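Enquirer: Please find one structure pasted underneath; my questions will follow.
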Amino acid sequence: MMDIQLHQIERAAERLKPILHHTELDLSSTFSEMSGGQIYLKCENRQKTGSFKIRGASNKIASMIEAGTAGPVVASSAGNHAQGVAYAASKFGIPATIVMPKTAPIAKIQATQGYGAKVVLYGDCYDDAYAEACRICEAEGASFLHPYNDPEVILGQATLGLEILSDLPYVDMVVVPAGGGGLLAGIASAVKLINPRVQVYGVQAQGADAIAQSYAAGARRTTETVATIADGIAVKAPGELTVPLINRYADGIVTVSDSEIADAILLLIERCKQIVEPSGATPLAAVLNGKLDVKGKRVVCVLSGGNIDVSFVHNIIERGLVARHRRIRFLVRLIDRPGTLVQLLNLIAESEANILTVEHDKLNIHLNPNETSVHIACEVAGAEHGQALLSHLTEQGYVVEME
């Protein structure tokens, strides 16, 4: 097992000082009130390249230069590691090729190209891109920069732990996203080496929980598939180096659903004016949904990245609004004659719901010849308001079917 020493992390921090932002640690009164703890947000979504990944990538390349082994590099990534490697390679004048899944957000692809790297799109997930990157390395004699299963990368990510303890020495708990495990392994190692009292928890998406399974089993486990909106942590095979470190230093792993992640993203936008990608929102999702006991504790949620595709923000907001019962969609059958739709819409207006869409369907084979079905989507103030609307329609004789 990889053995991390505190002086190695401190050395990495020195290397990264000229390159990184020291991102802020913000106390959120809103999330503190909602959870019962003192909730701090470590804003790595505002880091250079938009995520923590620049830490590990820059430390790896800097260490290669120190060792005299620097040359062309190849990496595989769902996006954030790609940008970190591209930025670091450009900074040090080294050619970089990045292999990304075809499903990678367009914003991340364009940003990676903008830093001067060559981008190759291959496969449907990280693991497919990784296999192609290895093939390119062998064919071109380049060095592969692994996004998480590399000692220098893990040490680079560990510098986040140093920053957190420096800014909040009396922190009680640090909550960290986990995909391949590099960030969690690094932060947990740094925190426990300095102050074993501090708890460190990892958070995974329910549809990509290989590290949660590994922690429960006490040994590395992989999954056959991944299915989550959190593309940055959608990893089937966690690191051979990271899992033992996590099992040694972390206090536990919890999982969150995609709806919980979407809700957290929406809250960060509304309450904090923060743009955070799905993987970066998982710690807050865990805290706000009671996955961890945070009452009375000083808790740091690591917002690991903010590189969310603008076209995807709309979908995330819709998911979040549905999860918070702010949007409802239902079907009502009407007699197909003039005035019936107006009567229905007036009743909805009386309930102070905001109609978003109205769709007619006269071709449904289950309808009587004189009927039409009307699909309606409404914006409401919450679950209680939505139920009041549906009850009002039912009391007026309408048969309402939820969609």
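Enquirer: Is there any pair with a first residue in segment 187-206 that is surrounded by 18 or more Cβ atoms within 10 Å (Cβ to Cβ) and a second that is assigned to a strand (DSSP E or B) and small (Gly, Ala, Ser) whose Cβ atoms are under 8 Å apart and which are 6 or more apart or on different chains, and what are they?
Expert: 188/202; 201/252; 202/252
Enquirer: Let me confirm something: among 228, 223, which residue is in a loop (DSSP other than H, G, I, E, B) and within 29 Å of residue 325 (Cα to Cα)?
Expert: Going through 228, 223 in turn, just one is in a loop (DSSP other than H, G, I, E, B) and within 29 Å of residue 325 (Cα to Cα): 228.
Enquirer: Here's something else I'd like to know. Tell me, which residue of segment 333-382 that is at pLDDT 80 or above and among the basic types (Lys, Arg) is nearest to residue 318 (Cα to Cα)?
Expert: Out of the qualifying residues, it is 333.
Enquirer: Among residues belonging to segment 62-92 that are more than 18 Å from the chain's Cα centre (by Cα), of a type in the set (Gly, Ala, Ser) and at pLDDT 90 or above, point out the one that is nearest to residue 128 (Cα to Cα).
Expert: 75
Enquirer: Keeping to segment 12-44, report how many residues are farther than 16 Å from residue 166 by Cβ and not aliphatic (A, V, I, L, M).
Expert: Qualifying residue count for the region: 12.
Enquirer: Restricting to segment 41-69, what's the tally of residues that are under 14 Å from residue 90 (Cα atoms) and either charged (D, E, K, R) or free of Cβ contacts under 8 Å to residues at least 60 places away in the same chain (or both)?
Expert: Here the count works out to 5.
Enquirer: With the structure loaded, tell me whether residue 127 is at pLDDT 95 or above and not polar (S, T, N, Q) or whether it fails that test. Break it down stepwise before answering.
Expert: Working: at pLDDT 95 or above: no; not polar (S, T, N, Q): yes.
For residue 127, the condition - at pLDDT 95 or above and not polar (S, T, N, Q) - is not met.
Enquirer: Looking only at segment 104-120, filter to residues that are of a type in the set (A, V, I, L, M) and in contact with a helix residue (DSSP H, G or I) (Cβ under 6 Å, 6 or more places away or on another chain); which one of those is surrounded by the fewest Cβ atoms within 10 Å (Cβ to Cβ)?
Expert: Of the residues in segment 104-120, the ones of a type in the set (A, V, I, L, M) are 104, 106-107, 109, 111, 117, 119-120.
Narrowing further to those that are in contact with a helix residue (DSSP H, G or I) (Cβ under 6 Å, 6 or more places away or on another chain): 111, 117, 119.
Details: 111: 20, 117: 23, 119: 17.
Ranking the candidates gives 119 first.
Enquirer: Considering 299, 254, 243, 342, which residue is touching a residue at least 40 places away in the same chain (Cβ under 8 Å) and surrounded by fewer than 24 Cβ atoms within 10 Å (Cβ to Cβ)?
Expert: On the way: 299 fails: surrounded by fewer than 24 Cβ atoms within 10 Å (Cβ to Cβ); 243 fails: surrounded by fewer than 24 Cβ atoms within 10 Å (Cβ to Cβ); 342 fails: touching a residue at least 40 places away in the same chain (Cβ under 8 Å).
Checking each option against the conditions leaves just 254.
Enquirer: Quick check, is residue 304 in contact with a strand residue (DSSP E or B) (Cβ under 6 Å, 6 or more places away or on another chain), hydroxyl-bearing (Ser, Thr, Tyr) and either under 30 Å from residue 23 (Cβ atoms) or surrounded by 18 or more Cβ atoms within 10 Å (Cβ to Cβ) (or both)?
Expert: Values: in contact with a strand residue (DSSP E or B) (Cβ under 6 Å, 6 or more places away or on another chain): yes; hydroxyl-bearing (Ser, Thr, Tyr): yes; either under 30 Å from residue 23 (Cβ atoms) or surrounded by 18 or more Cβ atoms within 10 Å (Cβ to Cβ) (or both): yes.
When the stated conditions are applied, residue 304 passes them.
Enquirer: Quick one: in segment 101-120, of everything that is among the charged types (D, E, K, R) and either part of a helix (DSSP H, G or I) or more than 20 Å from residue 277 (Cα to Cα) (or both), which residue is farthest from the chain's Cα centre (by Cα)? Spell out how you get there, then give the answer.
Expert: Within segment 101-120, the first condition is being among the charged types (D, E, K, R), and the residues that meet it are 102, 108, 118.
Subset that is either part of a helix (DSSP H, G or I) or more than 20 Å from residue 277 (Cα to Cα) (or both): 108, 118.
Numbers: 108: 14, 118: 25 Å.
So, considering only residues that are among the charged types (D, E, K, R) and either part of a helix (DSSP H, G or I) or more than 20 Å from residue 277 (Cα to Cα) (or both), the one farthest from the chain's Cα centre (by Cα) is 118.
Enquirer: Please work out if residue 276 is in a loop (DSSP other than H, G, I, E, B), under 12 Å from residue 31 (Cα atoms) and touching a strand residue (DSSP E or B) at 6+ places or on another chain (Cβ under 9 Å). Explain how you work it out, then say what you get.
Expert: On the way: in a loop (DSSP other than H, G, I, E, B): yes; under 12 Å from residue 31 (Cα atoms): no; touching a strand residue (DSSP E or B) at 6+ places or on another chain (Cβ under 9 Å): yes.
Judged against the criteria, residue 276 is not a match.
Enquirer: In segment 79-114, how many are closer than 15 Å to residue 232 by Cβ and of a type in the set (S, T, N, Q)?
Expert: 4
Enquirer: If you don't mind, there's one more thing I want to ask. For segment 139-193, what are the residues that are hydroxyl-bearing (Ser, Thr, Tyr) and modelled with pLDDT under 95?
Expert: Across segment 139-193, the qualifying residues are 143, 148.
Enquirer: Check residue 317 against each of (1) surrounded by 15 or more Cβ atoms within 10 Å (Cβ to Cβ); (2) part of a strand (DSSP E or B); (3) of a type in the set (A, V, I, L, M) and name the one condition it does not meet.
Expert: If we test residue 317 against (1) surrounded by 15 or more Cβ atoms within 10 Å (Cβ to Cβ); (2) part of a strand (DSSP E or B); (3) of a type in the set (A, V, I, L, M), just (2) comes out false.
Enquirer: Out of 347, 267, 356, 331, which single residue is touching a residue at least 24 places away in the same chain (Cβ under 8 Å), closer than 19 Å to residue 205 by Cα and over 12 Å from the mean Cα position of the chain (by Cα)? Show your work before the answer.
Expert: On the way: 347 fails: closer than 19 Å to residue 205 by Cα; 356 fails: closer than 19 Å to residue 205 by Cα; 331 fails: closer than 19 Å to residue 205 by Cα.
Within the list 347, 267, 356, 331, the selection yields 267.
Enquirer: Any residue in segment 6-19 that is outside any helix (DSSP H, G or I) sitting within a Cβ distance under 9 Å of a residue that is surrounded by 17 or more Cβ atoms within 10 Å (Cβ to Cβ) and among the aliphatic types (A, V, I, L, M)? List the pairs, counting only those 6 or more apart or interchain.
Expert: 19/54; 19/62; 19/88
Enquirer: Check off (1) over 17 Å from residue 152 (Cα atoms); (2) modelled with pLDDT of 95 or more; (3) not in a loop (DSSP other than H, G, I, E, B) for residue 23 and give me the number that stays unchecked.
Expert: (3)
Enquirer: Right, here's the next one. Would you check if there is a residue in segment 94-108 being free of Cβ contacts under 8 Å to residues at least 40 places away in the same chain and hydroxyl-bearing (Ser, Thr, Tyr)?
Expert: No, segment 94-108 contains no residue that is free of Cβ contacts under 8 Å to residues at least 40 places away in the same chain and hydroxyl-bearing (Ser, Thr, Tyr).
The values are calculated or read from the model by the stated rules, or taken from the named source; none is laboratory data. Note that the structure is a prediction, hence the values are computed from the model and not measured. Positions of Cβ are generated from backbone atoms using ideal geometry, with glycine treated the same way; all protein chains shown enter the neighbour counts.
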